[in-house]
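*Asks:* First the structure, then my questions, so here it is.
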Amino acid sequence: MVELTRWVTDFNSFLWGTLFLVPLLCGTGLFYTIRLRFVQIRKFGLALRYICGGASLFGKRADNAGMSSFQALATAIAAQVGTGNVAGTATAIVLGGPGALLWLWLAAFFGMATIFAEAVLAQVYKTKDSEGHVVGGPAWYITRGMGEKAKPLAIFFAIAIIVALGFIGNMVQANTIAEACEGAFGFNKIAVGIVTGLLAALVFIGGIGRIASVTEKLVPTMAFLYIIGGSYVLFEHGHAILPAFSMIFKAAFDPQAILGGATGITMREAMRYGVARGLFANEAGMGSTPHAHAVAKVEHPCQQGLVAMFGVFTTFVIITFTGMVILVSGTLSFGPDALTGIKLTQAAYTVDMGTPGQAFVAICLFFFAFSTIVGWYFFGAQNVRFLFNGHGVGVYRIIAILFVTCGSMLHVDFVWQLADLFNGLMVLPNLIALWALHKVVVKHLNEFETLLAQAPGTRIKSASD
């Protein structure tokens, strides 16, 4: 097992390194940013208006015909804002220095263009399965957009995402919840796992209606709670905010001038860990969130494309608060004994909050991880529908619940590596489709902007309005 873990770890270092997925994902984001004429800047205000106009904690119950645009966004953010935004950001700063934050931000900026394209394609090629459920996502835009000859690519993607997110990914999310609760409150990990499994089962059994209802309430609550806590710490260290920003920009291009050569951190490490962790945190280009955006009830695909960009922007906000709290609190250190991951984030909040700071992070982590479990389950279920034409979701649900329950009881180093492996593998067919179908995205954006120009001062109304 040790040898297998080492082999998978080494392969993941290449897969998620600066010679493979990182340039592919960043290149895709840069391509769409240019091709769509910086849509993430030009249309950000319009996206914000769509979100503010449709945001509700008690929206109309979702059904087989889909969910509201905001519910789809909440479901996507539920998956995007997970442990990677809290623990992953801390790890990136330790391994890549404070400058990694700048590259995290750039990954989010270009990721907004990528996720716009994913959401548009998901809307354009969505359909209904044999049971009447609206379905869509990479597996559908690969087969319906690229033709039946590409179906093996779609099947490969569907299997990879079910394993990566629905099973293995949710198991490690549950394990993170159990460890955080044990460390902060002394709870038994097995008991936490059982409770988490039961809560997940209650949501899963309710289908798309309950998933949408939970995420539309959970996502705004957890984001607000985390931002309030982070704002408190930043307020207490207001004098250190500007120096921290200065450190980020200087360390991004010359880490040794800020940190000294003893850390061994170079610009390459800052870029590698910042971009890789950023892409992993916002999931742009991975092909996961399009499943949520596909079922949104909107009148034009680009409406959901604009709304989808806000999901990546939300991860940008959470990442920024996490990174800034770590930098201003003075808890960051380097070397073999340095704190990293969730322990570093907890230590940063403990500086000003005392012992309750550890509990605060544990509670936020529970919200983040549990929401990710819900979102990832839904993405897996959609791909089960693809593979079996609407059938098999009941069996998948039972297996997913078992993985969530058992996740708290395992030592998951190898499981984390497997999750990273399958995450990387599912990216490849999605990126192929994004490049092959880019003209479809451009066409729909041009059409959308023409419609807006014909009715100045108004907006295309969402079907959920």
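*Asks:* Excluding residues fewer than 8 places away in the same chain, name every one of the lysines whose C-alpha is closer than 27 Å to that of Lys126.
*Replies:* Lys43, Lys60, Lys149, Lys151, Lys217, Lys297, Lys439, Lys443, Lys461
*Asks:* Based on alpha-carbon positions alone, could you give the equivalent ellipsoid semi-axes of region 59-171 from the gyration tensor, as √(5λ), descending, whole Å?
*Replies:* For region 59-171, the semi-axes come out at 30, 18, 15 Å.
*Asks:* Let me ask you something else. Quote the charge dipole size of region 158-303 about the Cα centre in Debye, to the nearest 20; the model charges only the Cβ of Lys and Arg (+1) and of Asp and Glu (-1).
*Replies:* Taking the Cα centre of region 158-303 as origin, the dipole is about 140 debye.
*Asks:* Just going by the charge dipole of the chain, with Lys and Arg at +1 and Asp and Glu at -1 on Cβ, which of Ser213, Ala201, Met171 is farthest out on the positive end?
*Replies:* My answer, from the dipole projection, is Ser213.
*Asks:* Using a cut-off of 19 Å between alpha-carbon atoms, which lysines can reach Lys343, once sequence neighbours fewer than 8 places away in the same chain are excluded?
*Replies:* Result set, ordered by chain and number: Lys189.
*Asks:* Count the net charge of all other residues whose Cβ sits under 14 Å from the Cβ of Gly84, scoring Lys and Arg as +1 and Asp and Glu as -1.
*Replies:* Net of charged neighbours comes to -1.
*Asks:* Can you list residues whose amide H is under 5 Å from Ala296's amide H, if they're 5+ apart or on another chain and H is modeled 1.01 Å from N?
*Replies:* Residues meeting the criterion, in which the H sits 1.01 Å from N, are Met67.
*Asks:* Right, here's the next one. Please report, to one decimal in angstroms, the Kirkwood hydrodynamic radius of region 160-265 built from all distinct Cα-Cα pairs.
*Replies:* After inverting the pairwise mean of 1/r, the radius is 18.0 Å.
*Asks:* What number comes out for accessible area per residue over region 12-164 if the probe is 1.4 Å? Units Å², please.
*Replies:* 34 Å²
*Asks:* For the chain, what value does the Rg/Rh ratio take when both radii are computed over Cα atoms and Rh is the Kirkwood radius, given to two decimals?
*Replies:* Using only Cα positions, Rg/Rh for the chain is 0.95.
*Asks:* Taking H placed 1.01 Å from N in the peptide plane, check which residues at least 5 places from Lys128 or on another chain put their amide H under 5 Å from its amide H.
*Replies:* Sorted by chain and number, the residues that satisfy this are Val135.
*Asks:* For the chain, with only Lys/Arg (+1) and Asp/Glu (-1) charged at the beta-carbon, what is the dipole magnitude about the Cα centre, in debye rounded to 20?
*Replies:* Rounded to the nearest 20 debye, it is 1200 debye.
*Asks:* What do you get for Rg/Rh of region 252-338 when both radii come from the Cα atoms and Rh is the Kirkwood radius?
*Replies:* 1.13
*Asks:* Any idea what log10 I(q)/I(0) is at q = 0.14, 0.31 Å⁻¹ for region 126-171, Debye with uniform C-alpha scatterers and no solvent?
*Replies:* One equal scatterer on each Cα of region 126-171 leads to -0.39, -1.00.
*Asks:* In percent, what relative contact order does the chain have, based on Cα pairs under 8 Å that are 6 or more apart in sequence?
*Replies:* 36 percent
*Asks:* Moving on. Applying the Karplus parametrisation 6.51 cos²θ - 1.76 cosθ + 1.60 with θ = phi - 60° to the phi angles of region 395-405, what ³J(HN,Hα) value in whole Hz is obtained for each residue in order, glycine and proline being reported as x?
*Replies:* Using θ = phi - 60°, the values come out as 5, 4, 4, 5, 5, 4, 5, 5, 5, 4, 5 Hz.
*Asks:* If only Cα atoms are counted, what is the Rg of region 295-397, and what is its Dmax, in Å?
*Replies:* Using the Cα atoms of region 295-397, the pair Rg, Dmax is 19.4, 54 Å.
*Asks:* Got a sec? Which residues in region 265-304 would a label at Glu447 touch, if it sits 7 Å along Cα→Cβ and we count backbone N under 18 Å?
*Replies:* It comes to 294-304, nothing else.
*Asks:* If you roll a 1.4 angstrom probe over the protein chains with everything in place, what fraction of the accessible area of region 34-171 belongs to carbon and sulfur, to the nearest %?
*Replies:* After summing per-atom areas, the C and S share lands at 65 percent.
*Asks:* For the ranges 302-315, 421-434, what's the packing order if you count other beta-carbon atoms within 10 Å of each residue, average per peptide, and put the highest first?
*Replies:* With the highest mean Cβ count within 10 Å placed first, the list reads 302-315, 421-434.
*Asks:* Among Tyr50, Thr405, Ala76, whose Cα lies farthest out toward the positive end of the dipole of the chain, if unit charges sit on the beta carbon of Lys, Arg (+1) and Asp, Glu (-1)?
*Replies:* Selected residue: Tyr50.
*Asks:* Still on this model: Using a 1.4 Å probe on the protein chains only, how many percent of the accessible area of region 250-393 belongs to carbon and sulfur?
*Replies:* Ligands and nucleic acids excluded, carbon and sulfur give 60 percent.
*Asks:* At 0.36 nm per residue, minus the direct Cα-Cα distance, what do Glu3 and Asp254 gain on full extension? Give it in nm, one decimal, please.
*Replies:* Length gained between Glu3 and Asp254: 86.7 nm.
*Asks:* Report ³J(HN,Hα) in whole Hz for each residue of region 217-229, in order, from the Karplus equation J = 6.51 cos²θ - 1.76 cosθ + 1.60 where θ = phi - 60°; Gly and Pro get x.
*Replies:* Whole-Hz 3J(HN,Hα) from phi for region 217-229: 9, 6, 5, x, 5, 5, 5, 4, 4, 5, 5, 4, x.
*Asks:* Compare the Cα positions of Thr5, Gly97, Ile227 along the charge dipole of the chain (+1 at Cβ of Lys, Arg; -1 at Cβ of Asp, Glu; about the Cα centre) and return the one farthest towards the positive end.
*Replies:* Working it through, the farthest residue towards the positive pole turns out to be Ile227.
The values are calculated or read from the model by the stated rules, or taken from the named source; none is laboratory data. Everything numeric here is computed off the predicted structure, so don't read it as measured data. Positions of Cβ are backbone-derived with ideal geometry, glycine not excepted, and every protein chain shown enters the neighbour counts. Each accessible area value is taken on the protein alone, full model and side chains, heavy atoms only, with ligands, DNA and RNA left out. Shrake-Rupley method; radii C 1.70, N 1.55, O 1.52, S 1.80 Å.
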